[in-house]
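Some notes on the structure that comes next.
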Amino acid sequence: MSIRNNLKDFFQEMNTLLTSNEFIEQHRVNNSAFSRTRKLAFTDIIHFLLTLPQKSLSVSLGE
């Protein structure tokens, strides 16, 4: 399996994990945690940090 396929699988698994209700409930500090809608969702921030953008910040956030 190529590195590209491994990374694709990794990001798909991370996305599944981060958006699962079980994961959110397990890591929720209180009932109001993770309840607000933000411009950058938690999963978007995690993906952004994991990809370590090679472009400028504004270009990377726009993708």
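The values are calculated or read from the model by the stated rules, or taken from the named source; none is laboratory data. These numbers were taken from a predicted model, which means no experiment stands behind them. Every residue, glycine among them, receives a Cβ derived from its backbone with ideal geometry; neighbour counts consider all protein chains shown. These area figures cover heavy atoms from the full protein model, side chains too; ligands, DNA and RNA do not enter into them. Shrake-Rupley method; radii C 1.70, N 1.55, O 1.52, S 1.80 Å.
In table form, for the structure just shown:
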read-out: Separation in nanometres of the label points that stand 7 Å from Cα toward Cβ, at SER20 and ARG4; value: 2.9
read-out: Cα Rg over Rh - the range 3-51, Kirkwood; value: 1.03
read-out: Solvent-accessible area per residue for the range 3-51 (1.4 angstrom probe, square angstrom); value: 89
